[in-house]
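Participant: One structure, as structure tokens, below. Some questions next.
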Amino acid sequence: QIERFPDTFLFGASTSSFQVEGGQTSGGRGEALHDRSPKKAGITDFSTASDHYHRWEEDIDLFHELGLKVYRFSMSWTRIMPDGKNVNQEGLAFYDKIVDKLVGYGIEPLVTIYHFEYPSKLVDDFGGWLSPKSIDAYEEFANVLFTHFGDRVKYWLTINEQDHVIKISERLGLSKESEGVEFEGQVQQANYYMCVATAKVIKLAHEIIPNVKIGPAVNPMPAIPASANPLDVIASMTFNELSHYYILDLHCRGKFSPIHWKYMEDRDICPEVKEEELQLMAENTPDFIGINYYLNQTVAHSEKEKIELRGQGVFMEEEAGIYKLVENKEIPQTDWGWNICPEGLSIALMDVYNRYQLPMLITENGLGAYDEVVEGEIHDTYRIDFLANHLKQIKDCLSLGFPIIGYCAWSAIDLVSGREGMDKRYGFIYVNRTNDELRDLNRIKKDSFYWYQNVIQERGYS
Ligand code: BGP
């Protein structure tokens, strides 16, 4: 029996500019921070990626064939403002072609303003997100986008996974050596600046674009307690505060999560805060919350007494006296050790809605896997299972009445994974290249392509 989704539900898929486009030095594109990072041994860089910069037309034809109702992509800051200040018309023209072709096909464009791609010139000039000047630079970039594309693009995402930007030193333009006590304070200050920037850009969007829908894309990893011990339950709740609510409370309430504030006080890493900025946040809240969901965590109480500043790390393994992440034998993992827990998506959706009462859009969800081409075909049943199990959770939440606007699988087409290169694939469409060999970059539809095409057509699956 088919579980039908509402006919307004936006089935979609996502990419991000630097992971899919290539064309790193084409069309006047400037240098982004990640272009500067040393090439990782055995892993491709982003210079060619999936060559979407040259094959966008063929790719969008395929997205149309797939039946996407919405396509989420980012507009490269350095393609449009190579030095972070001056506009490059060629950059705007590239995205004009993409937006027009999507709209022509009736595919709703969902644009991420900033997906990890930051102009290095702004780090050289004033230190990037460690300075409040970055708020103005980001607002100016958003202004260019809203003014130019606002007539055709209604859905916008402000910052993708701010949590990851601030906790990975390279993404802030800092060297690994700079991590440590000082880095912890910088992380909190940068986080605060990004929240101010988000509120300003939400305000601007509402002023410029009629009927706009704009929000952040966050990545909750909802914790489940390791046992029935109440201390583990408190530890898992605290983990959630420190992993995603510390950002969302500022976006949606203009307030610090009390647990987060105490955490910073104990470590002497509180940011400088202005009352009028908190008010700006409280008055300019998102229209919806974008949820990137891949994995959850299992959490126990930490017995450690001595607080240690952890320096860097997205996945905070242990915080003294607060929590520690533990293995959970009930939950299978991907080849890269990420927990596969579809129920975690329901937990995230229910929890986030209950806290903020805002509509939600799943902006990323997918399985990174090694795909094998067998006689010109890719039988990725593992990916189909993963996506079907997560869609089932969304359907259940919709049936309970939770407002979910749509679902963008990660990713529409194979692209370069941030840390693992081209061998960790996510797409519905295979790109013929590997980390080591560029090959012909031809596109092949995977079994999951035909499966998702049918899901979209039928608005569900049996
Ligand atoms: C999210 C990012 C994406 C994408 C995805 C998969 O954090 O927003 O850009 O990379 O994770 O992660 P990975 O490529 O590390 O497997």
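Participant: Can you spot a residue in the stretch 150-168 that is in contact with a helix residue (DSSP H, G or I) (Cβ under 8 Å, 6 or more places away or on another chain) and without any contact (Cβ under 8 Å) to a residue 40 or more places away in the chain?
Facilitator: yes
Participant: Hey, which of the strands (runs of 3 or more DSSP E) in the stretch 1-120, taking only ones fully inside, have at least 3 residues that are in contact with a Ser or Thr (Cβ under 8 Å, 6 or more places away or on another chain) and touching a residue at least 40 places away in the same chain (Cβ under 8 Å)?
Facilitator: 70-74, 108-114
Participant: Which of the following residues is surrounded by fewer than 24 Cβ atoms within 10 Å (Cβ to Cβ) and either under 22 Å from Thr363 (Cβ atoms) or away from the ligand (no atom under 16 Å from the Cβ) (or both): Cys195, Cys252?
Facilitator: So the residue among Cys195, Cys252 that is surrounded by fewer than 24 Cβ atoms within 10 Å (Cβ to Cβ) and either under 22 Å from Thr363 (Cβ atoms) or away from the ligand (no atom under 16 Å from the Cβ) (or both) is Cys252.
Participant: Next question, about the same structure. With of a type outside the set (A, V, I, L, M, F, W, C) and within 16 Å of the ligand (Cβ to nearest atom) as the only criterion, which of Glu108, Glu161 stands out?
Facilitator: Glu161
Participant: Ok, one more. So Ile259 passes all but one of these: (1) of a type in the set (A, V, I, L, M); (2) closer than 27 Å to Leu110 by Cβ; (3) part of a helix (DSSP H, G or I). Which condition number does it fail?
Facilitator: (2)
Participant: Looking only at the stretch 412-425, how many residues end up being over 14 Å from the mean Cα position of the chain (by Cα) and within 10 Å of the ligand (Cβ to nearest atom)?
Facilitator: 7
Participant: A further question follows. Looking at the stretch 374-411, which of the residues that are part of a loop (DSSP other than H, G, I, E, B) and touching a helix residue (DSSP H, G or I) at 6+ places or on another chain (Cβ under 6 Å) is nearest to the ligand (Cβ to nearest atom)?
Facilitator: By that ranking, first place goes to Asp380.
One line per residue, one yes/no per condition, for (1) under 24 Å from Ile289 (Cα atoms); (2) outside any loop (DSSP other than H, G, I, E, B); (3) among the basic types (Lys, Arg); (4) away from the ligand (no atom under 16 Å from the Cβ):
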position: Lys306; (1), (2), (3), (4): no, no, yes, yes
position: Met316; (1), (2), (3), (4): yes, no, no, no
position: Glu330; (1), (2), (3), (4): no, no, no, yes
position: Asp335; (1), (2), (3), (4): no, no, no, no
position: Leu349; (1), (2), (3), (4): yes, yes, no, yes
position: Asn354; (1), (2), (3), (4): yes, yes, no, yes
position: Leu361; (1), (2), (3), (4): yes, yes, no, no
position: Gly366; (1), (2), (3), (4): yes, no, no, no
position: Glu372; (1), (2), (3), (4): no, no, no, yes
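FYI, it's all coordinate maths here, none of it is from the lab. Computed from a prediction, not measured in an experiment: that's the story for all the values here. A quick note on method: Cβ atoms are made from the backbone with ideal geometry, for glycine too, and the neighbour counts reach across all protein chains shown.
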